[in-house]
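Every number here is computed from the coordinates shown, using simple stated rules; none is lab data. Not measured: the values here are computed from a predicted model. Because the Cβ atoms are built from the backbone with ideal geometry, glycine has one as well, and the counts that use them run over all protein chains shown.
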């Protein structure tokens with residue numbers, strides 16, 4: 001997705017997005033054509049570049065000694081509600097009531113597909129008005145949920161099974177260690 005969104009091939013791991021082959025942003029990626037729609041899905045409002053971008057959906061905001069700052073006209077808010085899964089047509093902005101790293105609480109109006117500009121990483125669960133719902137993945141990447149008609153309070157909570165598995169393994173290990181210590185202590189007392 002990032003390769004399509006930035007227009008830059010990803011051959012290996014990079015600490016920057018997009019990667020710079022030579023490490024010099026003044027010469028790397030001059031041939032790239034960023035996709036404003038895909039970057040908009042990612043909630044990217046501004047693009048900083050060392051070269052001119054000719055796409056009409058990027059508006060030049062500033063040019064500071066050859067560093068160009070563009071505003072993405074296809075920018076989307078972090079949480080939007082579409083009428084259908086196709087992401088075509090009108091959307092409404094969902095109100096983010098509370099946002100923390102492991103909990104997102106939103107208020108929405110009307111039916112549709114609520115899409116967050118976040119990766120649908122395993123471990124997230126969702127409720128609509130307190131009732132469990134199913135998370136769907138949109139565009140192979142984004143976390144979403146289908147909303148019925150009406151006004152809703154939607155809560156996404158990060159509840160990864162790996163945490164509970166780790167807690168279970170730790171507790172079993174603790175019981176085994178305590179058992180070994182108890183047995184060792186009893187055998188030491190008997191002699």
Next on the checklist: Counting only helical runs of four or more DSSP H residues, what would the 222 nm mean residue ellipticity of the chain come to if each run contributes -39,500 (n - 2.57) and the total is spread over all its residues?
Outcome noted: -7000 deg cm²/dmol
Checklist entry - What percent of all Cα-Cα pairs in the range 79-160 falls in each 10 Å bin, counting up from 0? => result 19, 59, 21, 0
Next on the checklist: If I stretch the segment between residue 183 and residue 125 completely, what's the gain in nm (0.36 nm per residue apart, minus their alpha carbon distance), one decimal?
Outcome noted: 16.6 nm
Checklist entry - In square nanometres, what is one fourth of the surface area of the convex hull spanned by the alpha carbons of the range 2-72? => result 4.6
Item to check | Centre separation in Å (Cα based) which lies between the range 93-128 and the range 7-74 | outcome: 28
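In nm, what is the difference between 0.36 nm times the number of residues separating residue 103 and residue 176 and their Cα-Cα distance?
On the way: separation 73, 0.36 × 73 = 26.28 nm, distance 3.48 nm.
That works out to 22.8 nm of additional length.
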Checklist entry - For labels at residue 60 and residue 3 in the simple 7 Å Cα→Cβ model, what's the distance in nm? => result 3.2
Checklist outcome for this item: Taking the convex hull of the alpha-carbon atoms of the range 129-188 and averaging its shadow over every direction gives an area in square nanometres of 6.6
Item to check | Per-selection Kirkwood Rh - the chain (Cα, Å, 1 d.p.) | outcome: 20.2
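Could you list 57, 129, 90 so that the one with the fewest beta carbons within 10 Å of its beta carbon is first and the one with the most is last? Spell out each step's value before the answer.
Values: 57 17, 129 12, 90 9.
Ranked by crowding around the Cβ, least crowded first: 90, 129, 57.
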